Each structure stands twice: as structure tokens, then as C-alpha cells.
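The next block holds one structure in the form of C-alpha cells; read it before the comments.
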Amino acid sequence: MLLCVAVAVLWVRSYGSVGSLPPEIPRGGTVFINCRGQLLLVHHAANAEPSGRTPAERIASLRVTWGTTTARLSGGPGCPQVLIKALVFDPDAAWDTQDGLPRTILSRPYVFVPVAEGCTAANGFGFAARSAQLPTAGVPPKHLALWQRIGTVVRVLGVPHWFLLLVTAALPAQWLRRHHRRTGGRRRPGLCLACGYDLRATPRRCPECGRSPKVA
């Protein structure tokens, strides 16, 4: 019952302020968002994690990788979204032997991914399961295989609150129905509501459990 009430509270709050969101989802990290009648999970797919103190050192640490992505969250008044920015190295380009940095960058693509779209018939009544990959526009055909290896950079899974409310309310409703049937069956023949003992001979007090229940 408490879980059902908690879901109802989340449902109401989801139409208010989104609240404080982290500015960035770490690589391989996950963020939960309560917004517009949906409980959402946003996952930044794991990829290379730069290391180093300076930007040059962080880029140099990615030398044996395809590149890296960053996932920034924006909690606007309407629909929060994720901005994915990528840095993709050209596998055919040489690295400068002096500073250890790539001489050319293949692409710096970006993509916006909506997070909360509300609960309508057009979007499956609030159920969400989508993923995003880097755009291939302008990518040379010989590098399309590299894009396939990069794969998904962000995943969004969402469940509507109305569904969670039905699920969490099912168990209390079943318990209440069974309790009603059990006590109703005891009340009709004049049984003790606590233990089911026959009270027709002793209607004022149950000799079995000592209680003084009301009988029909």
C-alpha cells in the first residue's frame, strides 16, 4: 500500500518541476528522471574514458580508440533532453610525433535525444524504449564500418506512472478482496470475525479467542 501511495506522489510531482539534474551523465552511467507522467532511465553507453589533466593529455589518452562521447542533460520547462557530443578520430590519419596528438579529426557529430514525451497514444501511452547512434550524414563510405562499431551512445527506457500504479495497487486490492470474502463468510453464519468460532451459543464473547465481536 505504501508503495502504491509513493507512486501516486511521484505521478503528481512529475508534472511539476523536473528538479535538479546532473549536468552530465558519466560514461557507462545511468540517471533516473521523474517527468510528465513517466519514470525514465537514461543510460550513457560506455565508451573510452579520457584521462589526464589537460585537454591535450585527455585526447592523447584516446590514441588507440575511435574517440569518445559526452552526454549532457538539459532540464527545460517542457521536455528534458540529452545532448550527445562525440569526438571521432580518423583511423587513417597519423598522430603528431612531437605532441602525441592527432593531426586531423574525422568528425565532431552531435545529436539531441528527447527524454520525457508524456503519455499519449502516439508514443505508446508513456512506454519508452529508444536508443540513439551518431548521425552518419557526411561520413565517408569507407568509414561507415567505424560508425557501426561505435553503436548506441545513449538509451532511454520509460514506464508510465499509471502502469506502476496498477501494478502496485494489485496486491493490496487482492488482499482486501480476500479479507472481505473471509470476514463476510464468517459474518453470515454468525461466526467470530477474528477466529471463525461459532458464536450462536455465546454471542457476547468468543470462548475461543476471548474477543467480543459483533455478530449478525
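Numbers at a glance
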quantity	calculated
Extreme residue, positive dipole direction of the range 1-143, given options Asn47, Gly138, Tyr110 (C-beta unit charges)	Tyr110
Per-bin percent of Cα-Cα distances, the chain [5 Å]	1, 6, 11, 11, 10, 9, 8, 7, 6, 5, 5, 4, 4, 3, 3, 3, 2, 1, 1, 0, 0
In nm, spacing of pseudo-spin labels at Phe127 and Cys79 (7 Å Cα→C-beta vector)	2.0 nm
Spin-label model distance (nm) - Val159 vs Met1, 7 Å beyond Cα toward Cβ	2.3 nm
Extended-chain gain in nm, criterion 0.36 nm per residue less alpha-carbon gap, Thr136 and Thr202	15.3 nm
Gain on full stretching of the segment that runs from Ile105 to Ala194 - 0.36 nm per residue minus C-alpha separation	24.3 nm
Förster radius 41 Å - calculated FRET efficiency between Thr120 and Asp96 (Cβ-Cβ, nearest 0.05)	0.20
Fewest-first sequence of Ser61, Ser51 by Cβ atoms within 10 Å of each Cβ	Ser51, Ser61
Nearest-20 debye value, the range 2-164 charge dipole, Cβ charges on Lys, Arg, Asp, Glu	160 debye
Net charge of neighbours whose Cβ lies under 13 Å from the Cβ of Val113, counting Lys and Arg as +1 and Asp and Glu as -1	+3
Selection from Ala122, Ala201, Trp162 lying farthest towards where the dipole of the chain points positive, charges on Cβ	Ala201
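A short reminder: the numbers here are calculations on the coordinates, not readings from a lab. For clarity, every value in this text was computed on a predicted model and none was experimentally measured. Please note: Cβ atoms are built from the backbone with ideal geometry, for glycine as well, and neighbour counts cover all protein chains shown.
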